Amino acid sequence: MKSRLSSLLDAFLPVLATLAALLVGAIMLLLLKANPLVAYKALWDGAFGSTNAVAETLVKATPFLLVGLGICISFRANVMNVGGEGQMIIGAIFATWVGLNVKGMPGWVLITLAMLAGVLGGGIWGGIPGILKAYFNVNEILSTIMMNAIAVQLMNYLLRGPMIDPAQAKAASQIPQTARLEEIYRLPRLVPTRLHFGALIAVILAILVYVLLWRTTLGFRIRAVGENPDAAKYGGIKVQRYVVIALLLGGAFAGLAGATQVFGVNYRIITDGSSTGFTGNAGFNGIVAALFGQLHPLLTIPASIFFGGLLVGANTMQRMVQVPSALITALNGLVVIFVVSSEIWRKKRQRRREVVALQINEPPETQAKSKETGA
Amino acid sequence: MISEVLPDFRYLDSNKEYVMVKSNTLPSGQTRIDNMEICGITKRFPGVLANDHIDFDVKSGEVHALLGENGAGKSTLMKILYGIYHPDEGEIFINQKPVTINSPMDAIKSGIGMIHQHFMLVQTLTVAENVALGLLSSRGLLTDLDRVSKRIIELADIYNLKIDPDAYIWQLSVGQQQRVEIIKALYRGAALLILDEPTAVLTPQEVEELFAIMRQMVKDGYALIFISHKLHEVIEISNRVTVLRNGKRISTHLTSETTKEDLARWMVGHDIEFITSHEKSNVGEVLLKLENVSCNSDNGRHGLSDVSLEIHSGEILGIAGVSGNCQLELAETITGMRKTTGGHIYLGPDEITGLAPGELTERMLSYIPEERMRDGVIRNFSVAENMILREHHKSPYSRSGFLRLKDISAHTDELIEQFQVKTPSQATLAKNLSGGNIQKLVLAREISRNPRAIIAAQPTRGLDIGASEYVRAQLLEQRKAGAAIMLISEDLDEIFALSDRIAVIYEGKIMDVLTCEEATRERVGLLMAGVHPKKKASA
């Protein structure tokens, strides 16, 4: 009974953490002399108040979900892939190159090709740190962050040189961006809003990732390697290979996120020189979404929508109650901090339960017995 | 009662002469603890009653053995006595006076010392430094290691412990390290010693030496609590024995009035059939063969060197050795978990040197790893997932890359039934099973494949009697079925009970391989200590 209660608490922990974050946010709003209730009402309306708002939220959520799915795979293999940004950028570059240079094909064929190119680009960008980790023992957190920096600079170079929009190349402004994709090469829209086909792809992929992780031998191996590499090795699994695969798949999903962002939203790669030029920080927000979804691909769907809504609604809130935009960033940060620390708390509670179990050597059995008699 | 019949105590005077005195002073100069009584100690952990109103006492001049299976509550009780845990109820009396022990520091002040199963020694420090560790120096800010050393020599002299205070711990054998622990406790003024499974890491000869020391200490008036699960040792050394089961005290008896069978029954709660001997099986051709195999070890010290062994079909080859003499390395090289640096390994006619664990699975080599929580199971995987760990990629458990949950589930049900794995369901995570059931899970997975060869590393370590006997019976069953079995164990009783031949490993070398008839405890014990009996005789 007690354990059931505490596991129920664990399940709602992210929600409680969010509420706590909003509470702290409310205090900050009060300090800024804004009415928190009005502010949060605006936030809600901005995120979910109208068809358009919902569509915008989903558009925002799509790259979070795609990156998050890759994170579910990588983190399950116990590889900390924080290279989502770079993988998105490379994926977008690969896809855009296909979109701009391959001609004479029906729209859907080219779009498919471009998406696959995005997957390939992201996969390469994730695979390199994977190989470095598996065979040269290079810490993947460091290498994926480095790969982010390389990707950003590579993008900056391409957008100012080889891939620059010919119109911009002639103009004096020289805005670093690629040419626009032709209309037939854009991802179709689902409803008359900005909501594009990529959102649907992402949801379908979430189901597929679920199947991959729990219904295939590949998923079994990825999880085994993440949970216990020694036992995985003993079980005949080539641990290094699956570390590479996990990072490669993580990168591939981020690459696809980059590709859909270009083909569904912006129709070109634009940048202001920072890595967030077009990724909208999705490479990092996707990690948060995946953790919020407890690294479960299906739970990552609502988690992504939640963060998408938070960002979209925050814009409305800023307009309605006239608070500085920094507060929105702070609120976002608060949610992330609370959610991540609640996760740590959950793990600690779990460990404490295990420690207690260890001290008394055989309690799980007795607990199991008492459960049986209790039922 | 027993203290009444105690002989006079001896006392070491300044001229290092023993003076027999009828006083309550121990040879170490410490005041005797005439009796220590634990009354109605209760300790609850969430969901479990670890100690349920336990009474226990020990008197000066006796060894009181505390016997019980894992989880019976004996370590909890001793941790309470030593101040590591605090009891929920109950009292502790020393010399009839109630005492509160809130920390090991309090316990030490009360004259209680503990020799932990895993020694609490810093390997890179000397004996004297280890003894002085944590104590105030008699010279304030300056060290007083010379005084400590002098005192160590004094204490060592009493029991003829032969310890050099300036030796580094890493230079000492396991038996000597244990003596350092004893001296450490005496130095801190212990009159009552708790010995937590002190024989687990010793060779038979070292066990005898320890028992000699214990007997002398008892004669001198110390009170000793001896924790063990080896029945014959309890019978040999103790005056009284208390059996705990499921947190309750089952019985307290004079050891002379009990038998091994009684003790086992009290411990387990029902009769136990000991596997003492086994019928000869039909030994067939050589199935597993090692030729001059070498490997490196993790700690940079000796690895395996030039190990050559043969195991026939239907044979159990026991590998006897003191802990840490490359048993793990031996198991891991054969099973592909560790690289060889030389030599060849054959399974049947085929060379298997350097093959990955997965390929060895295909060739029907099974491995029951020593560290079952690390290598044997994945803690956060379900029972079912752990059951198919080695064959998850094979039909019928998966087809074209997809797991077939129905077949996995049916297979798991079958094995749970056949191997009596106690689990609430097959979706239960492995970490929630008890040690015995985890081992049954591993056993089910490894044995149900009808392997040609089995490497069983410490297969009963940490298991209770019932589970241990079950594991042993299963190994014998496999032997009957014609498997070649390597049984690596630090438990000599197990080695003697199961093996057809016994190889002794010492510092990564095979000292000798003896047949059942040749292998006596003395001979094996000497080999375990690295001594060749023949050479010794000629020298």
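The values are calculated or read from the model by the stated rules, or taken from the named source; none is laboratory data. This is a predicted model, so every value here is computed, not measured. All Cβ positions, glycine included, derive from the backbone under ideal geometry; neighbour counts span all protein chains shown.
Considering region B:327-351, and only residues there that are free of Cβ contacts under 8 Å to residues at least 60 places away in the same chain, away from chain A (no Cβ under 14 Å) and part of a loop (DSSP other than H, G, I, E, B), the residue that is nearest to B:Gln439 (Cα to Cα) turns out to be B:Thr340. Filtering A:Gln153, A:Gln174, A:Gln168 for residues that are away from chain B (no Cβ under 14 Å), surrounded by fewer than 20 Cβ atoms within 10 Å (Cβ to Cβ) and on the phi > 0 side of the Ramachandran plot leaves a single hit, A:Gln174.
Restricting attention to region B:360-382, which residues are out of contact with any strand residue (DSSP E or B) (no Cβ under 9 Å at 6 or more places or on another chain), of a type in the set (D, E, K, R) and either crowded, with 17+ Cβ neighbours inside 10 Å or more than 7 Å from chain A (Cβ to nearest Cβ) (or both)? If the condition is that a residue be out of contact with any strand residue (DSSP E or B) (no Cβ under 9 Å at 6 or more places or on another chain), of a type in the set (D, E, K, R) and either crowded, with 17+ Cβ neighbours inside 10 Å or more than 7 Å from chain A (Cβ to nearest Cβ) (or both), then B:Glu362, B:Arg372 are the ones that fit. Counting only strands (runs of 3 or more DSSP E) that fall entirely inside region B:454-535 and contain at least 3 residues that are under 24 Å from B:Glu209 (Cβ atoms), the qualifying elements are B:501-506, B:509-515. The condition of being under 22 Å from B:Thr242 (Cα atoms), away from every other protein chain (no Cβ under 14 Å) and polar (S, T, N, Q) holds for only one of B:Asn102, B:Asn70, B:Asn130, B:Asn95, that being B:Asn95. A:Leu248 falls short on exactly one of the conditions (1) within 30 Å of B:Leu365 (Cα to Cα); (2) surrounded by 20 or more Cβ atoms within 10 Å (Cβ to Cβ); (3) under 21 Å from the mean Cα position of the chain (by Cα), and that condition is (1).
Residue check: B:Arg461 meets all listed conditions (1) within 11 Å of chain A (Cβ to nearest Cβ); (2) more than 21 Å from A:Gly226 (Cα to Cα); (3) surrounded by fewer than 22 Cβ atoms within 10 Å (Cβ to Cβ) but one, namely (1).
Inside region B:394-406, can you point out the residues that are out of contact with any strand residue (DSSP E or B) (no Cβ under 7 Å at 6 or more places or on another chain) and surrounded by fewer than 21 Cβ atoms within 10 Å (Cβ to Cβ)? Result: B:Lys394, B:Ser395, B:Pro396, B:Arg399, B:Ser400, B:Leu405, B:Lys406. Checking each residue in region A:87-98 for being out of contact with any Gly (no Cβ under 7 Å at 6 or more places or on another chain) and within 13 Å of A:Gly258 (Cα to Cα) picks out A:Thr96, A:Trp97.
Within region B:61-83, does at least one residue satisfy the condition of being more than 19 Å from B:His229 (Cβ to Cβ), over 26 Å from the mean Cα position of the chain (by Cα) and among the charged types (D, E, K, R)? Scanning region B:61-83, I find no residue that is more than 19 Å from B:His229 (Cβ to Cβ), over 26 Å from the mean Cα position of the chain (by Cα) and among the charged types (D, E, K, R), so the answer is no. Looking at the structure I just gave you, is B:Gly354 under 30 Å from B:Asp306 (Cβ atoms), part of a loop (DSSP other than H, G, I, E, B) and within 9 Å of chain A (Cβ to nearest Cβ)? No; evaluated as a whole, the condition is false for this residue. Among the residues of region A:218-232, how many are surrounded by fewer than 21 Cβ atoms within 10 Å (Cβ to Cβ) and either facing another protein chain (nearest Cβ under 7 Å) or touching a Cys at 6+ places or on another chain (Cβ under 6 Å) (or both)? Residues in region A:218-232 being surrounded by fewer than 21 Cβ atoms within 10 Å (Cβ to Cβ) and either facing another protein chain (nearest Cβ under 7 Å) or touching a Cys at 6+ places or on another chain (Cβ under 6 Å) (or both): 3 in total. Screening the candidates B:Ala481, B:Ala473, B:Ala503 for the property of being among the hydrophobic types (A, V, I, L, M, F, W, C), surrounded by 22 or more Cβ atoms within 10 Å (Cβ to Cβ) and at pLDDT 90 or above yields one hit, B:Ala503.
A quick yes/no check of all residues on (1) more than 30 Å from B:Val383 (Cβ to Cβ); (2) in contact (Cβ under 8 Å) with a residue 24 or more places away in the chain; (3) assigned by TED's automatic domain parsing to the domain that holds A:Ala61:
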{"residue": "A:Glu183", "(1), (2), (3)": "yes, no, yes"}
{"residue": "A:Pro192", "(1), (2), (3)": "yes, no, yes"}
{"residue": "A:Val203", "(1), (2), (3)": "yes, yes, yes"}
{"residue": "A:Val209", "(1), (2), (3)": "no, yes, yes"}
{"residue": "A:Thr217", "(1), (2), (3)": "no, no, yes"}
{"residue": "A:Ala254", "(1), (2), (3)": "yes, yes, yes"}
{"residue": "A:Arg268", "(1), (2), (3)": "yes, yes, yes"}
{"residue": "A:Asp272", "(1), (2), (3)": "yes, no, yes"}
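Restricting to region A:316-339, and then to whatever is part of a helix (DSSP H, G or I) and out of contact with any helix residue (DSSP H, G or I) (no Cβ under 6 Å at 6 or more places or on another chain), can you tell me which residue is farthest from A:Ala53 (Cα to Cα)? Top of the filtered list is A:Ile337. Return yes when B:Phe93 is over 17 Å from the mean Cα position of the chain (by Cα), at pLDDT 90 or above, over 21 Å from B:Lys230 (Cβ atoms) and assigned to a strand (DSSP E or B) and no when it is not. Yes, satisfied.
Provide a single number: the residues in region B:383-417 that are of a type in the set (Val, Ile, Thr) and away from chain A (no Cβ under 11 Å).
3
Of the candidates A:Gly250, A:Gly226, A:Gly283, A:Gly198, the single residue that is within 30 Å of A:Ser173 (Cα to Cα) and either of a type outside the set (Phe, Trp, Tyr) or touching a Ser or Thr at 6+ places or on another chain (Cβ under 9 Å) (or both) is A:Gly283.
Could you check region B:385-428 and list, in sequence order, the residues that are charged (D, E, K, R) and over 22 Å from A:Lys238 (Cβ atoms)?
If the condition is that a residue be charged (D, E, K, R) and over 22 Å from A:Lys238 (Cβ atoms), then B:Arg404, B:Lys406, B:Asp407, B:Asp413, B:Glu414, B:Glu417, B:Lys422 are the ones that fit.
When the test is whether a residue is in the same structural domain as A:Ala202 (by TED's automatic domain parsing), farther than 14 Å from A:Gln240 by Cα and surrounded by fewer than 17 Cβ atoms within 10 Å (Cβ to Cβ), A:Val119 does not pass it. If the condition is being part of a strand (DSSP E or B) and surrounded by 15 or more Cβ atoms within 10 Å (Cβ to Cβ), then region B:110-151 contributes B:Ile112, B:Gly113, B:Met114, B:Ile115, B:Thr126. State yes or no: is B:Lys422 within 14 Å of chain A (Cβ to nearest Cβ), crowded, with 24+ Cβ neighbours inside 10 Å and without any contact (Cβ under 8 Å) to a residue 40 or more places away in the chain? No: the conditions fail for B:Lys422. Of the helices (runs of 4 or more DSSP H) that lie entirely inside region A:133-226, those containing 2 or more residues that are at pLDDT below 95 and under 19 Å from the mean Cα position of the chain (by Cα) span A:140-160, A:197-215.
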